[in-house]
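Notes to accompany the following structure.
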Amino acid sequence: MSLRLGDVAPDFDANTTQGTIRFHEWLGNSWGMLFSHPADFTPVCTTELGKTALLQGEFEKRNVKVIAVSVDDLESHNRWIPDINEVTGSDVNFPIIADEGRKVAQLYDMIHPNASEKATVRSVFIIGPDKKIKLTLTYPASTGRNFNELLRVVDSLQLTATHSVATPADWKDGEDVIVVPAVSTEDAEKKFTKGLRIVKPYLRYTPQPNK
Ligand code: BEZ
């Protein structure tokens, strides 16, 4: 069965380009982003892993550990990394899981046989420090993901995990947020001391509380 939001992210042992890991132990108290790519030495995947490497500092600032996976083996990953670095001007410094036995791919339902019998689709799982799945995303092989969007989502997930707010369409860190419906306007007026802008009784904005 596929994994759903709120489920515990399955734990596993894996060989990676940075040694053997036990996933939950490797995550520690951090957030995590596990993302799959269909195959090594393919063009879109090369750009995606390079982009992730270029943004690794941004993920680290947010306490997010990133880890990639495909069903290729360690030798293939290690031969591919210099190409990624060369082509994208990056320095891939996060682990890539060698999942030639498809253990991780199956645990996380990353092979969609009607798309491809063999390769993983482009899945993303963002996992909280409680090891629960906070976001899933699935793209086809032909469409590279937007890793700045994933950073934006992490900003929203981390903010909304600790404040009674939600983030509107296209929200970016620093912009006004929405008071969740569970908080009455009377309580919101006391709680959100930076102010309340009431557009509709159910649509109430407040400045981002953690800024
Ligand atoms: C790619 O990464 O470029 C790719 C992989 C599989 C199918 C199509 C594109």
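The values are calculated or read from the model by the stated rules, or taken from the named source; none is laboratory data. Just so we're clear, the structure is a prediction, and the values are computed from it rather than from any experiment. Cβ atoms come from the backbone with ideal geometry, glycine included; neighbour counts cover every protein chain shown. The protein model used for the area step is the full one, side chains on, heavy atoms only, and it has no ligands, DNA or RNA in it. Shrake-Rupley method; radii C 1.70, N 1.55, O 1.52, S 1.80 Å.
Taking θ as phi - 60° and the Karplus parameters 6.51, -1.76 and 1.60, the scalar couplings of region 159-173 work out to 5, 6, 5, 10, 10, 7, 9, 10, 10, x, 3, 6, 4, 10, 3 Hz in sequence order, x denoting glycine and proline.
The packing ranking of peptides 129-135, 45-51, highest mean first, is 45-51, 129-135, where packing means the average number of other beta carbon atoms within 10 angstrom of each residue.
Orientation-averaged projection of region 3-49 equals 4.5 nm² [convex hull of Cα atoms, one quarter of hull surface area].
Here the extension length gained between ARG152 and LYS132 equals 5.3 nm, from 0.36 nm per residue of separation less the Cα-Cα distance.
For the chain, the alpha carbon positions stretch 60, 38, 33 Å along the principal axes, listed from largest to smallest. In terms of its alpha-carbon gyration tensor, region 82-147 comes out oblate; a/c meets the 1.5 threshold, while b/c is at least as large as a/b. In this calculation the C-beta distance from THR42 to ASN210 is compared with R0 = 30 Å, giving a FRET efficiency of 0.15. Calculated FRET efficiency, ALA169 to ARG79, Cβ-Cβ distance, R0 = 41 Å: about 0.45 to the nearest 0.05. The Rg/Rh ratio of region 118-187, with Rg taken over Cα atoms and Rh as the Kirkwood radius over Cα pairs, comes to 1.07.
Quick one: if the Förster radius is 45 Å, what FRET efficiency do GLU25 and LEU203 give, using the C-beta to C-beta distance and rounding to 0.05? Plugging the Cβ-Cβ distance into 1/(1 + (r/R0)^6) gives 0.55. Stokes-Einstein, applied to the Kirkwood radius of region 69-191 over Cα pairs at a viscosity of 0.890 mPa s and 25 °C, places its translational diffusion at 140 µm² s⁻¹. Using a simple spin-label model with pseudo-atoms 7 Å out from Cα toward Cβ, LEU196 and ASP7 lie 3.9 nm apart. Where the accessible area of the chain is counted over protein heavy atoms with a 1.4 Å probe, how much of it, in %, is carbon and sulfur? Carbon-and-sulfur percentage of accessible area, whole number: 50.
In region 1-98, Rg over Rh equals 0.96, where Rg is the alpha-carbon radius of gyration and Rh the Kirkwood radius from pairwise Cα distances.
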